[in-house]
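The structure under discussion appears below in the form of structure tokens.
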2 protein chains.
Amino acid sequence: MRGFLNTPDSSLYSGVLARYGAWMDLPAHTRPVTLLEGNTPLIPMPRLAQELGGGFELFVKFEGMNPTGSFKDRGMTAAISEAFGRGVHTVICASTGNTAASAAAYAARAQMRAIVIIPEGKVAAGKLAGAVAYGAQVIQIQGSFDDALSLVVEISERHPIALVNSLNPYRLEGQKTAAFEIVDALGSAPDWLCLPVGNAGNITSYWMGFRQDHARRSSGLPRILGVQAEGAAPLVLGHPVEHPETVATAIRIGKPARGEQALEAAEQSGGRIIAVSDAEILAMQRRLAGEGVWVEPASAAGLAGLARQLREGKMRLSELRGRRVVAVCTGHGLKDPEIIAHNMPAPLRLPARMDALEEAILGVSR
Amino acid sequence: MRGFLNTPDSSLYSGVLARYGAWMDLPAHTRPVTLLEGNTPLIPMPRLAQELGGGFELFVKFEGMNPTGSFKDRGMTAAISEAFGRGVHTVICASTGNTAASAAAYAARAQMRAIVIIPEGKVAAGKLAGAVAYGAQVIQIQGSFDDALSLVVEISERHPIALVNSLNPYRLEGQKTAAFEIVDALGSAPDWLCLPVGNAGNITSYWMGFRQDHARRSSGLPRILGVQAEGAAPLVLGHPVEHPETVATAIRIGKPARGEQALEAAEQSGGRIIAVSDAEILAMQRRLAGEGVWVEPASAAGLAGLARQLREGKMRLSELRGRRVVAVCTGHGLKDPEIIAHNMPAPLRLPARMDALEEAILGVSR
């Protein structure tokens with residue numbers, strides 16, 4: 001790779017390519033474009049571990065603390081850096097959510113044009129606000145998400161336009177750095193990794209990353225628990241889901257691009273892929289917020305799956321004793337505030353008087 | 001301070017009290033409550049520096065990458081840690097925005113009850129969603145923000161309820177750690193620090209932090225450019241503003257709690273406090289997003305002020321030659337997506353056909 005873009009001082013944290021580029025399979029022409037993604041915290045969750053039965057250590061890898069609020073930034077820095085180094089001026093993706101915002105941000109950083117193709121149907125302005133804020137051009141086609149994806153694949157084959165959907169292999173190279181960070185923080189791989197599974201790029205990347213890390217420094221391998229939403233669980237059902245439905249929009253995917261690799265990751269690691277209900281996802285979202293970590297619904301799926309496995313006896317506390325479990329939370333709650341705002345109780349209304357406030361808070365009246 | 005809460009492994013990044021506690025003036029009873037706040041990136045902005053005239057280095061300290069999406073988390077970890085160590089079970093603040101979300105998150109982390117008092121008037125659900133998500137109890141009083149603040153001050157004096165508004169001195173102790181981080185990253189203090197000024201706690205904290213750092217390791221002192229919004233510029237006007245108005249809601253404050261200290265910080269540092277228009281703020285917000293950094297409007301005020309000073313010749317490029325300027329961006333754009341969503345153009349609609357897409361993107365028809 002040539003010199004890093006925009007990083008005058010090597011003592012500064014300079015993003016995942018600067019830190020882990022030597023372990024990423026990127027072409028020689030790659031020129032790093034970074035917003036200082038990665039370096040996300042691993043938050044201890046001792047109380048939640050206790051509630052789930054105790055005896056093991058539990059951490060949340062909070063990927064919502066990336067520059068655009070989701071884990072997508074790790075893969076996007078790699079994909080955009082490759083395209084930028086190749087001299088491409090335009091990037092394109094089919095997405096209505098986190099991928100679009102991330103692509104738009106990194107394209108802006110490299111002064112490239114970003115085009116986001118969205119399918120027919122109601123547009124959730126809040127979900128698109130990120131992409132639009134970063135200056136992406138949004139085009140709505142009169143077709144499905146699959147139609148949108150086919151079109152972006154085809155146009156990227158015909159013209160010098162970089163496809164940055166997860167079919168782009170450099171996305172995985174970037175995303176796997178989260179595994180390296182977990183090993184760096186813990187000193188070795190955790191015993192279990194729990195994470196949501198939608199398009200299945202992330203589970204594939206983590207497994208790549210942990211295997212590579214283990215080959216390099218014998219850091220061990222986690223067992224992987226991949227968790228889908230019941231209404232969008234093609235890898236559990238064994239067939240595509242025509243009309244996936246779940247409150248966890250970030251994993252509302254019926255035909256995962258990396259389904260085979262996800263199943264392999266689960267099997268090779270001695271783990272599994274399961275499904276949980278929207279109610280379980282939302283309950284775990286609330287539980288995590290009750291520890292000060294507000295994530296978007298999909299992000300709670302991994303932990304909801306862990307809770308369910310323990311409840312059903314499919315994972316035993318005796319197996320977990322003394323072990324370390326990491327749950328990946330992929331996006332910040334700020335990505336989907338509507339789900340909170342729509343169910344928000346009206347605030348209690350009081351006169352602006354001390355006695356009223358005391359009574360409301362302390363249950364005493366003077 | 002007693003042992004750190006919830007941090008089993010000292011090799012993990014453990015938040016600002018773990019890293020900088022030795023330099024913070026906190027009572028011995030303090031027990032750290034952390035969400036791994038701080039450790040935020042300093043993003044180089046060479047293109048923007050060039051546009052502003054060039055010849056100097058420009059960085060954005062992106063405080064939107066804190067756990068709840070704003071710089072408030074630095075001060076809140078300190079305030080809540082003190083209250084937690086003191087055995088307090090309830091915290092209270094008057095706020096409708098970033099302070100409320102941060103207080104609620106850290107209270108949740110410590111299993112304390114959080115109460116948020118909001119003034120009369122229309123409640124922006126989006127702004128409150130964070131606090132509600134983290135489990136705060138929201139009470140609306142039939143009075144102004146000042147009435148709300150008076151009430152929370154009084155109730156915290158009468159009962160064992162911790163006030164975590166910026167009157168709480170530990171908030172400043174936490175917030176000053178951002179200055180330490182800037183020095184750690186750059187190797188010395190920058191020549192100028194530009195930042196938004198609302199309630200003036202942050203400018204006060206940075207000045208405290210830089211002075212302390214300089215006393216400890218001769219890191220130098222920045223000149224400080226504090227920037228208010230024209231419709232909420234009491235420190236520029238020299239008197240309180242009865243009805244402050246600005247699109248930059250996070251600095252829409254007419255009677256700053258730390259006004260005197262802010263004026264001192266500007267004067268002692270050889271800097272100044274100025275005001276910019278909402279149009280300048282929004283233009284700079286767009287410009288920053290065009291570099292891949294989406295911030296809430298108030299966060300763009302510091303850089304908008306720098307741009308204006310240079311344009312008006314009140315700061316000269318010759319003075320800045322070879323210098324380093326840091327602009328503080330206090331909150332993430334995700335905190336205020338409405339401002340984007342409301343002005344969003346409708347997407348271009350196309351049939352799901354390759355020729356239509358090619359024509360739209362490339363201006364060619366086959």
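Odds and ends about this structure:
- Residues that are β-branched (Val, Ile, Thr) and touching a Ser or Thr at 6+ places or on another chain (Cβ under 9 Å) within the stretch A:261-292 comprise just one, A:ILE281.
- Selection within the stretch B:45-81 - open to solvent by 10 Å² or more (accessible area, probe 1.4 Å) and outside any loop (DSSP other than H, G, I, E, B): B:PRO46, B:ARG47, B:GLN50, B:GLU51, B:GLU57, B:MET65, B:LYS72
- Of all residues in the stretch B:297-321, those that are among the hydroxyl-bearing types (Ser, Thr, Tyr) and touching a Cys at 6+ places or on another chain (Cβ under 9 Å) total 1.
Here's the yes/no breakdown for (1) free of Cβ contacts under 8 Å to residues at least 60 places away in the same chain; (2) within 14 Å of chain A (Cβ to nearest Cβ); (3) surrounded by 18 or more Cβ atoms within 10 Å (Cβ to Cβ):
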{"site": "B:GLY313", "(1), (2), (3)": "yes, no, no"}
{"site": "B:LEU320", "(1), (2), (3)": "no, no, yes"}
{"site": "B:LEU334", "(1), (2), (3)": "no, yes, yes"}
{"site": "B:ILE340", "(1), (2), (3)": "yes, yes, yes"}
{"site": "B:PRO345", "(1), (2), (3)": "yes, yes, no"}
{"site": "B:ARG349", "(1), (2), (3)": "yes, yes, no"}
{"site": "B:ILE361", "(1), (2), (3)": "yes, yes, yes"}
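- Qualifying residue in the stretch A:62-69 (condition: out of contact with any helix residue (DSSP H, G or I) (no Cβ under 9 Å at 6 or more places or on another chain) and within 9 Å of chain B (Cβ to nearest Cβ)): no
- Candidates B:ALA83, B:ALA18, B:ALA78, B:ALA22, filtered to the one that is among the aliphatic types (A, V, I, L, M) and either touching a strand residue (DSSP E or B) at 6+ places or on another chain (Cβ under 8 Å) or at pLDDT below 95 (or both): B:ALA83
- Selection from the stretch B:103-117 of residues that are more than 9 Å from chain A (Cβ to nearest Cβ) and buried (at least 24 other Cβ atoms within 10 Å of the Cβ): B:ALA103, B:ALA114
- In the set (1) open to solvent by 40 Å² or more (accessible area, probe 1.4 Å); (2) within 14 Å of chain A (Cβ to nearest Cβ), B:LEU357 fails one condition alone, (1).
- Pairing residues of the stretch B:71-98 that are closer than 26 Å to B:ASN39 by Cβ with residues that are among the aromatic types (Phe, Trp, Tyr), at Cβ distances under 7 Å and at least 6 apart in sequence or on separate chains, gives B:MET76/B:TYR106; B:THR77/B:TYR106; B:ALA78/B:TYR170; B:ALA79/B:TYR170; B:ILE80/B:TYR106; B:GLU82/B:TYR170.
- Qualifying residues in the stretch A:85-108 (those that are part of a helix (DSSP H, G or I) and in contact with a Leu (Cβ under 8 Å, 6 or more places away or on another chain)) - the one nearest to A:SER156 (Cα to Cα): A:ALA100
- Among the residues making up the stretch B:234-250, those that are open to solvent by 10 Å² or more (accessible area, probe 1.4 Å) and of a type in the set (A, V, I, L, M, F, W, C) are B:LEU235, B:VAL236, B:LEU237, B:VAL241, B:VAL247, B:ALA250.
- All positions within the stretch B:206-233 that are assigned to a strand (DSSP E or B) and either open to solvent by less than 80 Å² (accessible area, probe 1.4 Å) or in contact with a Lys or Arg (Cβ under 6 Å, 6 or more places away or on another chain) (or both): B:ILE224, B:LEU225, B:GLY226, B:VAL227, B:GLN228, B:ALA229, B:ALA232
Residues checked against (1) among the small types (Gly, Ala, Ser); (2) within 26 Å of B:VAL293 (Cα to Cα); (3) within 22 Å of the chain's Cα centre (by Cα):
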site: A:ASP146; (1), (2), (3): no, no, yes
site: A:ARG158; (1), (2), (3): no, no, no
site: A:ALA162; (1), (2), (3): yes, yes, yes
site: A:ARG171; (1), (2), (3): no, yes, yes
site: A:PHE180; (1), (2), (3): no, yes, yes
site: A:ALA185; (1), (2), (3): yes, no, yes
site: A:ARG216; (1), (2), (3): no, no, no
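- Condition check for A:GLU264: part of a helix (DSSP H, G or I), at negative phi and of a type in the set (D, E, K, R): yes
- Filter pass, B:ALA100 being surrounded by fewer than 24 Cβ atoms within 10 Å (Cβ to Cβ) and either more than 9 Å from every other protein chain (Cβ to nearest Cβ) or modelled with pLDDT under 95 (or both): no
- Note on the stretch B:173-203: residues that are on the phi > 0 side of the Ramachandran plot and open to solvent by 10 Å² or more (accessible area, probe 1.4 Å) total 1.
- Scanning the stretch B:262-294 for residues that are closer than 17 Å to B:ALA49 by Cβ, touching a residue at least 60 places away in the same chain (Cβ under 8 Å) and either open to solvent by less than 10 Å² (accessible area, probe 1.4 Å) or more than 14 Å from chain A (Cβ to nearest Cβ) (or both) yields B:LEU288, B:GLU291, B:VAL293.
- Pick from the stretch A:308-330, criterion farther than 14 Å from A:ARG272 by Cα and among the aliphatic types (A, V, I, L, M), ranking: nearest to the chain's Cα centre (by Cα): A:VAL328
- Residue ID - most open to solvent (accessible area, probe 1.4 Å), chosen from residues in the stretch A:130-172 that are within 11 Å of chain B (Cβ to nearest Cβ) and among the charged types (D, E, K, R): A:GLU157
- Boolean, A:ALA125 is touching a Gly at 6+ places or on another chain (Cβ under 6 Å), small (Gly, Ala, Ser) and not assigned by TED's automatic domain parsing to the domain that holds A:LYS255: no
- Considered as a group, the residues in the stretch A:118-129 that are among the charged types (D, E, K, R) and within 10 Å of another protein chain (Cβ to nearest Cβ) include one that is surrounded by the fewest Cβ atoms within 10 Å (Cβ to Cβ), and that residue is A:GLU120.
The values are calculated or read from the model by the stated rules, or taken from the named source; none is laboratory data. These numbers were taken from a predicted model, which means no experiment stands behind them. All Cβ positions, even for glycine, are placed from backbone atoms using ideal geometry, and neighbour counts span all protein chains on display. Please note that ligands, DNA and RNA were not included when accessible areas were found on the heavy atoms of the full protein model with its side chains. Shrake-Rupley method; radii C 1.70, N 1.55, O 1.52, S 1.80 Å.
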